[in-house]
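Peer 1: My structure is below; once you've seen it, I'll send some questions.
The values are calculated or read from the model by the stated rules, or taken from the named source; none is laboratory data. Keep in mind that this is a model prediction, so the values were computed, not measured. Counting neighbours? That spans all protein chains shown, and the Cβs are built from the backbone with ideal geometry, glycine included. Keep in mind that these areas ignore ligands, DNA and RNA; they rest on the heavy atoms of the full protein, side chains included. Shrake-Rupley method; radii C 1.70, N 1.55, O 1.52, S 1.80 Å.
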Amino acid sequence: MITFSEKQLKIPKMTRPVYLVTGGMSKFGRAIPEKRTEELCIDALTEAAELIDHTPAQLKKYIHTCYYGHFADHFGDQLLGEAVIHDRLGLDPLGNIGIKTGGATGGSTLWEAYKTVASGYSDCTLAMGWERMDEVPTDEGNHLISCAADKDWETPLGHMYTGYYAVMAQKYWKVFGKEEASFRKAMAEIAVKNRGYGRMNPHAHGGKKITVEDVLNSPTVAHPLRALDCCLMSVGAACGILADEKTAYEMTDNPLKIDIGAGSHTLRVADRRKMEIPLLPNETKEQYADLGDRFPGGDRYPGFTGFLAARMASYYAYNMTGIHDPTEDLDLVELHDAFTISDIQTYEDIGIRPYGEGRTYVESGDCFRTNPHTGEPGKLPANLSGGLIGNMHAVGATGIMQVVEVAHHLWNRWGEMHGNEEKWKRFGRERPADWKDLQVKGAKRGLAISHAGVGSHVTCTILQHPDHILERRD
Amino acid sequence: MSCGKEHGKVRTEKGRYKLDGKFHHSEPNTPIFNENGKLMGVTNPRDMTYVHSYGGEAIFFESLGKGKIMASRCDNPNCESRGSVFMPFRIHCPDCLMKSTVMDITEKAKTTAKVHTFMITARTGAFNPLPKPVKFVNVEFDGVVTILMGYLAVGEPKMDMRVVPIFNTKSPTYTILDLFWVPEGTPEASLPEGYTFD
Ligand SMILES: [Zn+2]
């Protein structure tokens, strides 16, 4: 589709508001041979219950419908794995369903759970996501991931998803990055930042103290991407509990308003057709009139440089919630940093920066918790969890982890959930001597982007503290 | 087959698949112990064969071995995308969903194909048959609204570089691997074994 009807651009209007009541996460690791997937899911649900001073049994009494996200049945070699988890969580005979949208599976799982509460079907839903990526050798894992590309037109070419993705990185690097060393450095700074934040997260398995030079000297995966520009491959689970207003306040004093928009684009990048840029509330058509002059090749939108699905997801979500300018209206974000360069592309797709200027979000220092240029708090800190690069990418859990992480800030409980010495020990990890509380002071609103592969599915989740809810735009 | 095992053959007859031979090979599982000899799990080896229909795309994959690239075009006079030419081939127009017209774009590919973007990777997944490093090229054609992903068999990719298709006409696999790309002006002698310009 290259044009939209009015009906397609309708801003979703939910029948009733929906709240995130609580959420939890397991430990994340490259491999967790000592635990079955169901044990990780039980860990996540138990953490969610304890966060609101419930036992798991008490929490379960509220749950009416369950949504389960895991990307690849192949990885766990278990079709209908959702039914296994549902039984092990002791939630039979409640209705449940599996959700699969590749890398966006976590976000999509929340999206479904959200609509179920908004519609009135359920007063409380469970969204649980996981991935088990340690039960096949890495090259076979890469083959399985490549099966999420078109099996006739793409998979036979290398059986390597990175290849289908990196062509976009290459194009963006040329057109908008202009192959500049300074742009390459901005990419590296994201890798340094996210691995650094990952060090403060006991759940994370990608935390590492590194420098820009380390990134620039790490092995080339696919030019311009180097090993340290790429996300992790992980095992783990995360969950969120959603409820209507009445039920939410029965369960906790501090529910957060949650809204989610979703978009999609062709599974094969090859099928993208040129179109006009759909505008976000903080943009005008005029500002892009000379995009192709400023960035030769940049006028073929979305081409191989933009993620239309992210643009559409944020279009719906911003208009649903009244966000005009994400940098002004939000206090922190968790983005899908599968690769440093796709992170930069996403800044533009979701309007943190205009198309062509994504790098300035890093260069200005706005994306850091503490702006390295000023020593003041960054304007809109990104991926304080460590993100996919520094925390984890257990695909089905990722989008839910991001939302739980944002929520910890809005609940003002980030330090408690990440600094607890006992938790570090339980996960078999040592809390660094220079551990730092990354809590964003006074955080009221946050966003999480869950993104699939080359941009086939994207969700945009907005969390708002109930005392600071913006007015929706119509 | 790479594992040296005999794999079955399939044909269709009266609209049904007819399978002949062995389609999977069983291997026993093995236990996984930790360093203290405690059981952690088991391996589950598996070797199986899928049977896959090309349906309306068969014409594309069949034509590659004959040195032809078949694209599709929407000819529905009432469609907003009327006249749009698609490569990858689409059986139905993505806008009006009418059956597309099959068209031969081999000459257009030979005379106008150029590299939109590319990437080179030394890392591939299991079962990859291509020599490493793998050089992906995304190829654009004049008058085609989409951009085809392919494999550059000779030389180094560059954006806007003119490329021409080569075809596995000697022993076609009937997959996308029957179509590779080489820089314009590549001599026939440099082509991979089995591949020809026509
Ligand atoms: Zn049509």
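Peer 1: Out of all the residues in the range B:82-113, which are open to solvent by less than 50 Å² (accessible area, probe 1.4 Å), away from chain A (no Cβ under 13 Å) and under 17 Å from residue B:150 (Cβ atoms)?
Peer 2: If the condition is that a residue be open to solvent by less than 50 Å² (accessible area, probe 1.4 Å), away from chain A (no Cβ under 13 Å) and under 17 Å from residue B:150 (Cβ atoms), then B:105, B:106, B:109, B:110, B:112, B:113 are the ones that fit.
Peer 1: Just to confirm my filter: which helices (runs of 4 or more DSSP H) fall fully inside the range A:178-270 and include at least 2 residues that are under 19 Å from the mean Cα position of the chain (by Cα)?
Peer 2: The qualifying helices (runs of 4 or more DSSP H) are A:181-198.
Peer 1: Moving to a separate point now. Among the residues that make up the range B:65-79, is at least one of them within 14 Å of chain A (Cβ to nearest Cβ), surrounded by 10 or more Cβ atoms within 10 Å (Cβ to Cβ), under 26 Å from residue B:170 (Cα atoms) and more than 16 Å from the ligand (Cβ to nearest atom)?
Peer 2: yes
Peer 1: Within the set of pairs 6 or more residues apart or between chains, which connect a residue that is farther than 29 Å from residue A:91 by Cα inside the range A:125-141 to a residue that is of a type outside the set (A, V, I, L, M, F, W, C) with Cβ atoms less than 7 Å apart?
Peer 2: Listed by first residue and then by second, the contacts come to A:139/B:125.
Peer 1: Another one. Residue under question is residue A:317, and the condition is that it be open to solvent by less than 10 Å² (accessible area, probe 1.4 Å), among the aliphatic types (A, V, I, L, M), in contact with a strand residue (DSSP E or B) (Cβ under 7 Å, 6 or more places away or on another chain) and under 23 Å from residue A:10 (Cα atoms); does it hold?
Peer 2: So residue A:317 passes the test.
Peer 1: Moving to a separate point now. Within the range A:389-444, work out how many residues are among the small types (Gly, Ala, Ser) and closer than 27 Å to residue A:134 by Cα.
Peer 2: Of the residues in the range A:389-444, 6 are among the small types (Gly, Ala, Ser) and closer than 27 Å to residue A:134 by Cα.
Peer 1: Which condition number in (1) open to solvent by 30 Å² or more (accessible area, probe 1.4 Å); (2) modelled with pLDDT under 95 is the one that residue A:269 fails?
Peer 2: (1)
Peer 1: For the range A:80-135, name all the residues that are of a type in the set (Lys, Arg) and either over 24 Å from residue A:258 (Cα atoms) or open to solvent by less than 20 Å² (accessible area, probe 1.4 Å) (or both).
Peer 2: Of everything in the range A:80-135, those that are of a type in the set (Lys, Arg) and either over 24 Å from residue A:258 (Cα atoms) or open to solvent by less than 20 Å² (accessible area, probe 1.4 Å) (or both) turn out to be A:88, A:132.
Peer 1: Could you identify the single residue in B:117, B:146 that is in contact (Cβ under 8 Å) with a residue 24 or more places away in the chain, surrounded by 17 or more Cβ atoms within 10 Å (Cβ to Cβ) and more than 16 Å from the ligand (Cβ to nearest atom)? Let's see the steps before the verdict.
Peer 2: Values: B:146 fails: more than 16 Å from the ligand (Cβ to nearest atom).
The match here is B:117.
Peer 1: Of everything in the range B:170-198, what is in contact (Cβ under 8 Å) with a residue 60 or more places away in the chain, over 13 Å from the mean Cα position of the chain (by Cα) and open to solvent by 40 Å² or more (accessible area, probe 1.4 Å)? Give them in sequence order.
Peer 2: B:197, B:198
Peer 1: Against the definition (farther than 21 Å from residue A:134 by Cβ and not polar (S, T, N, Q)), how does residue B:19 come out, yes or no?
Peer 2: Against the criterion (farther than 21 Å from residue A:134 by Cβ and not polar (S, T, N, Q)), residue B:19 qualifies.
Peer 1: Something else: Output yes when any residue across the range B:159-176 is among the β-branched types (Val, Ile, Thr) and facing chain A (nearest Cβ under 8 Å), and no when none is.
Peer 2: Checked against the condition, which is being among the β-branched types (Val, Ile, Thr) and facing chain A (nearest Cβ under 8 Å), the range B:159-176 yields at least one hit.
Peer 1: Restricted to the range B:95-114, and to residues that are among the polar types (S, T, N, Q) and not in a strand (DSSP E or B), which residue is nearest to the ligand (Cβ to nearest atom)?
Peer 2: Among those that are among the polar types (S, T, N, Q) and not in a strand (DSSP E or B), it is B:100.
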